[in-house]
Amino acid sequence: MIVKEIDVELAFQMQAQGDLIIDVREQHEWESGHATGATHHPKSQITTLKDTFKNNNQTLILMCQRGVRSKTVADYLADLGYQKLYSVKGGLTAWEDAKLPVTNNTTN
């Protein structure tokens, strides 16, 4: 399966329709700011993703800082049989550039 890269506007629309954004950055990165409504699951714990997200037919939108780590995690999940995977092109950097909602320690 080829993982699709999507832009932040589409990711935001999909999230608004109930799809899940998973931020795969590490804890200190997550705490400094993340897409509002995203779920955190760091890439360093990649092997536990299949235990957390057991439905391999669920739509998962993966995000990191710039789009590289999220693509790696999406490829890993694709190898495990997940079908509806998307990686956010440009990651949180593009999300912030588009002025989409971000949550951080000062706005929690």
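Among the helices (runs of 4 or more DSSP H) confined wholly to the stretch 2-57, which include 1 or more residues that are closer than 15 Å to LYS71 by Cα?
Output list reads 8-16, 49-52.
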Please verify whether GLN83 is touching a residue at least 60 places away in the same chain (Cβ under 8 Å) and either loosely packed, with under 13 Cβ neighbours inside 10 Å or polar (S, T, N, Q) (or both), treating the condition exactly as stated. yes
Looking only at residues that are polar (S, T, N, Q) and assigned to a helix (DSSP H, G or I) in the stretch 58-94, which one is modelled with the lowest pLDDT? THR72
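The values are calculated or read from the model by the stated rules, or taken from the named source; none is laboratory data. Worth saying up front: this structure is predicted, and the values here are computed from it rather than measured. Virtual Cβ from ideal backbone geometry, glycine too; neighbours counted across all protein chains shown.
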